[in-house]
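Heads up, the thing below is written out as C-alpha cells.
Read-outs: derived from the displayed coordinates by stated rules, not from any lab. Because the structure is a prediction, the values reported are computed rather than measured. Note that we place each Cβ from the backbone using ideal geometry, even for glycine, and neighbour counts take in every protein chain shown.
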Amino acid sequence: MTTTTTPAVRVTGLRRAYGEREVLAGLDLEIAPGEFVALLGRSGSGKSTMLRALAGLDPDYAGSVLVAPRRAVVFQEPRLQPWKRVVDNVAIGLPGRDARSRARQALAEVGLAGHERAWPATLSGGEAQRAALARALVREPDLLLLDEPFGALDALTRIRMHALLRQLCARHRPAVLLVTHDVDEAIMLADRITVLGEDGRLGSDVPVRLAGPRQRDTTEFGALRAHLLTELGVTESE
Amino acid sequence: MSTIDALTAAGSPAPAFREGRRELVEARTVGGRPGWRVPLPRPVRRLAGPVLLVVIWQLLGSLGVVSDAVLAPPSAVLAAGWDLASTGELSANLVASLVRAADGLAIGVTVGLALAVLAGLFRLGEDLLDSTMQILRALPVLGLVPLVIIWFGVGEVPKVALVVFATLFPVYINTYAAIRGVDNRLVESGRAFGLGRLGLVRHVILPGAVPGFLVGLRYALTTSWLVLVIAEQLNATTGVGYLMNEAQTWNRTDIIVLGLLIYGVLGLASDALVRLLERRLLVWRRGFGGA
C-alpha cells in the first residue's frame, strides 16, 4: 500500500458508547482508494455502528473519522421509498437534469433495465437490493459503504449478487467497506479483511491473496476461513 | 400383514396409508367439500339482502300492518321524492347542504392538514399545538351548538363552523400521527443519499403521511354529514335537514325517510370519493407495474 496517495478513509481513535456500554473502543482503520476491505464481526459487535459513523449517519462519535466526500451506502434492507418508482428511487437526491437518465443507466448496469417504472413493492428481495446498489453507484462514490447488503437474501441470489458486486467494483473502482458476519463472503469479495472483536477493537488485519477466481474448495480458502473463524471465537466444528 | 408389522419390519417400504381408505384422493377435495353455490353473479347475490328488505317494508305498508304515520312505505318515499324534485325544492335544499359541507370541509381539512404538518415537522409546533389539539378534540362537537349560535347567529356561518370544527380534528390527528410514524430508516436513507430538510419533507415524510391523511379525510367526510344533520335542524331555512324538520311538523314520514336516504347516499358518495383518491394516490401500495 502506498502512503503517498490520500486514502479514501482514515479513522483514528474512533470511540462510540451507548450509555455505559462502549461499542467501539478506539479503532484505527485506513482504506486506500479502490481498495475493498471487509469488516468481520459477530452480531452486536459494533460493525454497523462503525459503518454508520463513516456514512455520516451518527454524529455522536469520538475520535477522528475522515472520509472521501463522495460516499454512498447500501443498507441491509433496500430502504427504497415505497411511493417512488424504481428509477426515481435511484435518482433520489441527485442534482442535475440528467439525473433520471443516469439512474436509468445505473439500473441497466445492475440488470434491472425494464424495471424503471416498477413500484418497489413489486420487486423481489434480490431485485430491490440491486436497485439499492444502483442508487449507490449512480453517485459514482469514492467510498462505497455496504452494511450486510446480502444478509437478507437467499443463498442463490447472494451468489449472483457477489458476482455482480465484484464486476461493478472492478469497473468503478470505489474504495469499499463491507460490513458482514459471513466469513466466506468476506473472503470471496475483499482485498483485505479486518476483524472487530468483542472488546470493540480491531483484531488481525488479513490481506486476501488468492490467485485466480476465488473458490471455496481450495486449501488456501479453507485455511483463511479457519483463521478468521478462530479470530471470531468460533471453530468450524461448532 | 398388519400396519404395525409393516412399520416395524426392517427394510420393507413404509405404508402409504395407516388406516382407512386405501386410494389417493384429489388434493382440493381433502378437508371438507366446497360449499353449495348459487349460480348467480356476486353483485346480484349481494343486492338480494337490501332488495328483500325493501320488499318486506313495502308489504308491511301496503298490507296496512304499519301505517304511514309511523313509517311511510318505499313507494310513498319515492312519490315524495318525485314531488319535491319536480317543484325544484329538493335540488335547492340539496345544493344548500352540499355547499355547507363543501365549505366546512375545505376549511376544516386545510386547517387540520396545516396544523398537522406544523406539529409533525417541528418540535416547537408540536409543543405549542399538539396538547391543545388533543384537549379540544375531546369536546363533543354538538355540545358546541349553543355557543356557536351565540357567536355566529343563525345564518350560514354557524353551520359551516360546526362542520369545520368536526372535520379539522380527524384530519389533524391522523395526519400528525402518520407524519410521526414515517419509518425512520427511510428518512435515514433519504439523508444518506443527499436529501436536505426540505427534500426529506417532500420526498419522504409527506408522501409517507398520505395514507394517514386519507384515513382522516374519510372520517372527516362522514362526520361532516353527521354534523350537518343536526346543524340544519336548528334555525335553518334550507337544506336536507331543514326539509326533514319541516316534515316532522306535518307528520310526513315519507319526506323524513327521503331525507335519511339522501344523507345515506351522500355518505356513500363521499366514501367512494375517498376511495377514488386512494386509488390515485396510493398506487404504489397496490403494486401495479405501471398504469
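Figures for the structure shown
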item	result
Of all DSSP beta bridges in the range A:1-156, antiparallel share, percent nearest 5	75
Cα-projected label distance for B:Glu89 with B:Val70, points at 7 Å along beta-carbon direction, nm	2.6
Whole-Å distance, taken between Cα centres, linking the range A:128-204 and the range B:68-87	74
Cα-based Rg and Dmax for the protein assembly as shown, where Dmax is the largest Cα-Cα distance (Å)	34.0, 104
Length-normalised contact order of the range B:177-271 in % [C-alpha pairs under 8 Å, at least 6 apart]	23
Normalised contact order of the range B:74-279, rounded percent, pairs of Cα under 8 Å and 6 or more residues apart	28
Note, ³J(HN,Hα) from phi for the range B:94-105, Karplus 6.51, -1.76, 1.60, rounded to Hz, x at Gly and Pro	5, 4, 4, 5, 4, 5, 4, 4, 5, 4, x, 5
Average other protein chain Cβ within 10 Å of Cβ, residues A:86-95	3
Scattering profile of chain A at q = 0.09, 0.14, 0.15 Å⁻¹ [log10 I(q)/I(0), Debye over alpha-carbon scatterers]	-0.38, -0.93, -1.06
Computed over chain A: relative contact order in percent, which uses C-alpha pairs under 8 Å that are six or more apart	26
For the range B:46-169, alpha-carbon Rg relative to the globular expectation (2.2 N^0.38 Å, N residues)	1.60
Shape category assigned to chain B from the gyration tensor of Cα positions, a/c cut at 1.5	oblate
Estimated dipole of the protein assembly as shown in Debye, rounded to 20 [Cβ of Lys and Arg +1, of Asp and Glu -1, Cα centre]	1200
Peptide B:184-190, shielding by other chains (average Cβ, 10 Å cutoff)	5
Burial ranking of peptide ranges A:168-179, A:133-144 (average Cβ count within 10 Å, highest at the top)	A:133-144, A:168-179
Dipole-positive endmost among B:Trp82, B:Val164, B:Gly153 within chain B (Cβ charges, Cα centre)	B:Val164
The range A:105-238: C-alpha pair distances exceeding 17 Å, %	63
Share, in percent, of DSSP beta bridges within the range A:130-238 that are antiparallel, nearest 5	45
Exercise: per-residue mean of other protein chain Cβ atoms within 10 Å, A:115-125	3
For the range A:83-140, the Rg and Dmax computed from alpha carbons only, in angstrom	9.9, 30
Environment charge of A:Phe150, counting only residues whose C-beta is closer than 15 Å and scoring Lys/Arg +1, Asp/Glu -1	-2
